[in-house]
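Encoded as structure tokens, the structure appears first; notes follow it.
Where a number appears in this text, it was derived from the coordinates with a stated rule and is not lab data. Fair warning: this is a prediction, and the values are worked out from it, not measured in the lab. No Cβ is skipped: glycine too gets one built from the backbone with ideal geometry, and neighbour counts run over all protein chains shown.
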Amino acid sequence: MQLNLSLAGIALAALVATAVAMLATDTLRGDAAAINLAGSMRMQSYRILTSRLKQDPAAELDRQIALYEEKLHDLLLERRATYRHSEPFKAQLTLLKQDWEQALKPALLDPNRNADDVSAMVESYVTRIDQAVQLLQQESEAKVKTLSTLQAISLLVLFSLSALLLVVVHRKWVTPLRQFMHAVQRLQEGNFSTRVQYPHPDELGLLGDTINRMAEQLAELYSDLEQRVKNKTRQLQQSNESLRLLHETSRRLFSKPDDFYQAVPQILAEVQSLMNLGAVSLCLRKQDSGPAYRLITSDHLPKPSFCRKPDCDNCRAQADKTVFAPHLKEVVMFPVSSDQHHVGDISVELHPGQSMQPWQRNLLCALSEVFATTQSLAQLSHQHSQLALAEERAAIARELHDSLAQSLSSQKMQTARLRKLLEKAADTNELNDTIDQVQEGLNESYRQLRELISTFRINVNEPEFERAVRKAIDAAAARFQLQISLDYGIGHCPLNANEETHCLHIIREALSNVGKHARASHAHVSIRQQAEGPIELRIEDNGIGLSADTNKPNHFGLSILAERSHYLNGYLAITRPDQGGTLVNVTFEPKYLNNLPKPNHVTEVSTDRISSG
């Protein structure tokens with residue numbers, strides 16, 4: 001509003017100045033013409049005088065006088081005499097008319113009048129004309145001066161109003177706008193406490209109130225966002241700590257499930273420290289009734305304050321555990337379930353003023369699942385240990401039955417025969433022969449016992465099995481004076497203990513047959529994996545070959561090879577190659593390969609091209 005009024009004042013002053021200047025200029029209109037006209041009257045007076053002195057015809061003199069009177073009575077001079085402040089010119093014009101009519105004109109028309117008198121009268125009259133012209137000039141100059149004064153005053157007024165407007169604009173608008181700009185810049189820099197101080201109820205005041213409200217809203221919004229960021233950061237930290245705790249707990253428990261009871265107290269203490277709540281407890285049981293078999297707390301106390309052990313049935317029947325501990329606000333329970341069996345609970349004590357957040361519930365739910373999984377793994381590990389022990393005992397019993405038990409049974413029969421021979425008083429040669437057989441059988445039993453001990457000492461890792469195979473080959477080579485080479489190519493295959501034991505016995509039995517019956521000087525043992533995955537075990541010699549009659553008493557080792565191949569879930573082929581000798585080939589699929597079809601158990605003994613003997 002003030003700006004509008006100021007601009008309107010300047011416009012009005014300019015309009016007034018312009019109007020005054022126009023009026024002053026209008027008063028000057030005709031001044032020059034009047035001066036020229038007055039000057040021409042002086043010239044015309046001299047012409048009349050010249051015509052009178054020359055004694056021109058009366059008609060010419062009358063014409064010159066008529067011209068002068070026309071100029072003397074011109075409307076321009078009449079109108080000029082009527083202007084304000086033109087009284088001197090009006091009086092002078094009246095005198096000129098009176099002198100003309102009363103003195104000069106009659107003198108000019110009188111032919112008898114002395115020329116010198118007429119000339120003097122004309123000179124006096126021209127002087128009066130000059131005075132009239134001078135009055136016109138003075139009035140015109142006065143008007144010009146007045147116009148200049150008006151213009152100067154107008155410029156001064158306009159300049160003053162403009163200066164006043166600049167001062168008002170600077171004080172009323174520029175300074176507040178600078179303050180507003182500084183406030184906006186501080187808001188951009190994040191200083192939301194900035195406020196604009198402008199108390200006037202005008203447009204700028206409305207703008208200042210708007211900036212202040214905007215600053216307040218930005219401050220509230222920034223404070224809300226800052227609080228949200230803090231909350232999100234705290235939640236992320238809590239989530240990270242929860243994930244770290246769950247990861248460490250899972251790694252610790254899953255890597256060593258047998259150390260569950262030693263690791264849980266520290267885990268519960270870390271959970272309590274992270275959640276900043278009351279004591280955390282783990283109660284484990286095997287049945288839905290009866291006392292719990294294990295109770296672990298985060299504060300290393302024998303039991304929680306609400307626990308009724310050994311009266312656990314009463315505790316389970318009561319949903320609100322605070323009836324046993326009135327000082328607590330609430331006891332929150334999280335079930336630990338393994339294979340749909342409720343094996344225990346995680347409990348958290350909440351004191352007055354404490355409450356459980358969603359992330360804490362998620363953490364405890366995940367922790368209960370980890371505990372349940374660990375219990376399942378521990379139980380599964382125990383079952384696997386029992387199965388492995390049972391398999392190991394079965395393998396030992398089978399090996400003892402297949403080797404040492406049969407040998408000892410044979411010695412028992414020889415001992416019974418020796419007893420009968422002594423009762424019959426048999427001759428010394430027969431007795432010595434029986435005693436030698438018993439001695440040889442005992443030696444063989446002792447050898448088999450040492451082989452069994454060496455076999456059962458094999459660890460289930462590749463270097464041990466390869467070393468055991470080489471030891472068996474070296475023992476057979478030293479015993480039977482053979483050259484035996486080995487091609488071992490299953491260093492990358494994880495055979496289990498039973499598979500290694502059967503392979504080792506097949507190698508020993510086959511090399512024993514080579515040493516006892518083949519009359520060979522060289523043997524080659526190869527154990528490799530085929531491209532399809534099965535393991536191929538080959539024992540080849542350069543001996544006389546296998547007899548056509550495989551049912552001879554000294555060929556009982558073939559049944560042992562077939563039985564071992566059966567245990568390996570493979571098949572046995574005994575053939576005679578074209579170059580001679582005997583080839584024992586056992587092919588089986590190891591247990592770690594479970595995607596190939598199982599071959600039929602085949603024992604194949606080829607008798608073609610087998611030499612007698």
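Ordering Cys493, Cys503, Cys283 by the number of other Cβ atoms within 10 Å of each residue's own Cβ, fewest first, gives Cys493, Cys503, Cys283. Taking the alpha-carbon distance from Lys143 and a cut-off under 19 Å, which lysines remain once sequence neighbours fewer than 8 residues away in the same chain are dropped? Output for Lys143: Lys90.
State the Cα centre-to-centre distance between the range 106-141 and the range 248-292 in whole Å. If we compute the Cα centre of each part, the gap is 143 Å. Taking one quarter of the surface of the C-alpha convex hull of the range 240-373 gives a mean projected area of 7.8 nm².
When the inverse distances between all different Cα atoms of the range 2-173 are averaged and flipped, the Kirkwood radius reads 19.3 angstrom. Using the Cβ-Cβ distance between His300 and Leu387 with R0 = 30 Å, the FRET efficiency computed as 1/(1 + (r/R0)^6) comes to roughly 0.25. Packing order of peptides 109-116, 36-43, highest average first: 36-43, 109-116 (average count of other Cβ atoms within 10 Å over each peptide's residues). For the range 202-304, what is the relative contact order in percent, using Cα pairs closer than 8 Å and at least 6 residues apart in sequence? Relative contact order for the range 202-304 comes out at 16 percent. Extension gain for Ala531 to Glu101 (0.36 nm times residue separation, less C-alpha to C-alpha distance): 139.0 nm. Shown in residue order for the range 480-495 are the 3J(HN,Hα) couplings computed by the Karplus curve 6.51 cos²θ - 1.76 cosθ + 1.60 at θ = phi - 60°: 10, 6, 10, 9, 10, 9, 10, 10, 9, x, 10, x, 9, 9, x, 6 Hz (x for Gly and Pro). Sorting 527-534, 582-589, 357-364 by average packing, meaning the other beta carbons within 10 Å per residue, from highest down gives 582-589, 357-364, 527-534. Extension gain, Asp288 to His492: 0.36 nm times the residue separation minus the Cα-Cα distance gives 68.6 nm. What is the sum of charges around Cys312, taking Lys and Arg as +1, Asp and Glu as -1, for the other residues whose C-beta is under 11 Å from the C-beta of Cys312? Neighbour charge sum, excluding Cys312 itself: +1.
For Met413 and Phe480, a Förster radius of 35 Å and the Cβ-Cβ distance give a FRET efficiency of 0.80, rounded to the nearest 0.05.
Each Lys or Arg adds one and each Asp or Glu subtracts one; over the other residues with Cβ under 12 Å from the Cβ of Val332, this totals -1. With both labels modelled 7 Å from their Cα along Cα-to-Cβ, the Leu431 to Leu75 distance reads 19.6 nm.
Distance from the alpha carbon centroid of the range 40-56 to that of the range 188-203 works out to 89 angstrom. Working from Cα pairs under 8 Å separated by at least six residues, relative contact order for the range 240-373 is 22 percent. Taking other residues whose beta carbon is less than 14 angstrom from the beta carbon of Gly290, and scoring Lys, Arg as +1 and Asp, Glu as -1, yields +3. Near Ala279, the amide H atoms lying under 5 Å from its own belong to Glu349; only residues 5 or more places off or on other chains count, and H is placed 1.01 Å from N.
The H on the amide N of Ser338, modeled in the peptide plane, is under 5 Å from the matching H of Val343, each at least 5 residues off or on a different chain. Mind scanning Lys256/Lys329; Lys54/Lys105; Lys303/Lys329; Lys256/Lys321; Lys97/Lys145; Lys309/Lys329 and naming the pairs with a C-alpha gap bigger than 26 Å? The pairs that break the limit, which is 26 Å between Cα atoms, are Lys256/Lys329; Lys256/Lys321; Lys97/Lys145.
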